[in-house]
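A short worksheet on the structure shown next.
The values are calculated or read from the model by the stated rules, or taken from the named source; none is laboratory data. Computed from a predicted structure; not experimentally measured. As a convention, Cβ positions derive from the backbone with ideal geometry for all residues, glycine included, and neighbour counts pool all protein chains shown. Please note that ligands, DNA and RNA were not included when accessible areas were found on the heavy atoms of the full protein model with its side chains. Shrake-Rupley method; radii C 1.70, N 1.55, O 1.52, S 1.80 Å.
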Amino acid sequence: MSESTRQPAGIFGIPMDLGQSRRGVDMGPSAIRYAQLMVALEDLGHFVTDFGNAGVPLPELADGEETVRHLRAVREVCQEAAERAREIISGELFPIFLGGDHSISIGTVSGVAGAGRTGVIWLDAHADFNTPEISPSGNIHGMPLAALTGHGPPDLVNIGGSGASIRAEDVVIVGLRSVDPEEQRLLRRAGIRVYTMKEIDAYGAATIIRRAMEDLSHLDRVHLSFDLDVVDPEIAPGVGTPVRGGLTYREAHLIMELINESGIVTSLDVVEVNPILDIRNGTAELAVELVASLMGRQIIGLPR
Ligand SMILES: [Mn+2]
């Protein structure tokens, strides 16, 4: 793709930290903007529109008396995200959603899937495949992929339209290294394809991401849900739920570069950046670098 024909992008921030108990991911959209996401994309030739942020209630003020913590508030925010996703897509922009904890993806993915059958690459240390019945923490950020594929309370499953937003066979998880026992059972039962860090270690990041993309090659539309915790916490310390043994700096870039080459991805989440736990905004800066690789930055670029 030449730089003059790059697809315009639309950014929408969802500063929500209601889906988990460690505070700080609500500042993710600010941190990522501060790390110059817009400039990075414009340098690559993308025309960028920033649609601002979703309105998110403070955890102190949101209803905490529910069986699933902040269920109602998360649902309302996700509904807004889904509507915004539909608008951005109908404007023929490439949507980039900035989280926030990973529960925002119930809204963003159900919204983009409203435009037609959509696959999902879930780049994450975790499977996010819990339901309230089996979740050890009760936090909704551990449930979005389950809810999107139809598992969990109707209040989450029916966000953005009734029933499952995506099919299990259209999902691949890449980079997994932490999964709860009951969650593992549910993942297997649902038939979700999973590429763990073990496969990445054994076969290499290039082989694994190519396989994952091949699994979704029957689809015209693929959403990349990028949880920064897939990257090793040594280089991405500012995340809500760090797990060691993650992607190296180059593995993460290579994955983004290969996805870009394939042209398969049509929308993006960047979630779980937590500036409170970060060191000098380094994790948000890494997020911007990796988004730039996904959106066309190359080590040796095309001549201008
Ligand atoms: Mn996640």
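The table below gives the values:
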item: Order by protection proxy (mean Cβ within 10 Å, highest first), peptides 22-35, 80-93, 183-196; result: 22-35, 80-93, 183-196
item: Mean Cα-pair separation over length for segment 82-127, i.e. relative contact order, pairs under 8 Å, 6 or more apart, %; result: 47 percent
item: Chain lengthening between residue 182 and residue 50 when straightened (0.36 nm per residue, less Cα-Cα); result: 43.6 nm
item: Probe 1.4 Å, accessible area per residue of segment 3-294, Å²; result: 39 Å²
item: Pairwise label distance in nanometres, residue 92 with residue 279, each label 7 Å out on the Cα-Cβ vector; result: 4.6 nm
item: Over segment 68-180, relative contact order from alpha-carbon pairs under 8 Å, at least 6 apart, %; result: 32 percent
item: Förster-model FRET efficiency, 45 Å R0, residue 189 and residue 42, C-beta, rounded to 0.05; result: 0.50
item: Projected area, mean over directions - segment 96-169, Cα convex hull, nm²; result: 4.9 nm²
item: Segment 19-64 versus segment 224-239: alpha-carbon centroid distance in Å; result: 16 Å
item: Per-selection Kirkwood Rh - segment 128-168 (Cα, Å, 1 d.p.); result: 9.8 Å
item: Label point 7 Å beyond Cα of residue 218 along Cβ direction - residues of segment 131-171 with amide nitrogen under 12 Å; result: 167-171
item: Spacing of the two label points (7 Å from each Cα toward its C-beta) at residue 60 and residue 202, in nm; result: 5.0 nm
item: Normalised convex hull volume, segment 3-294, alpha-carbon set, Å³ per residue; result: 110 Å³
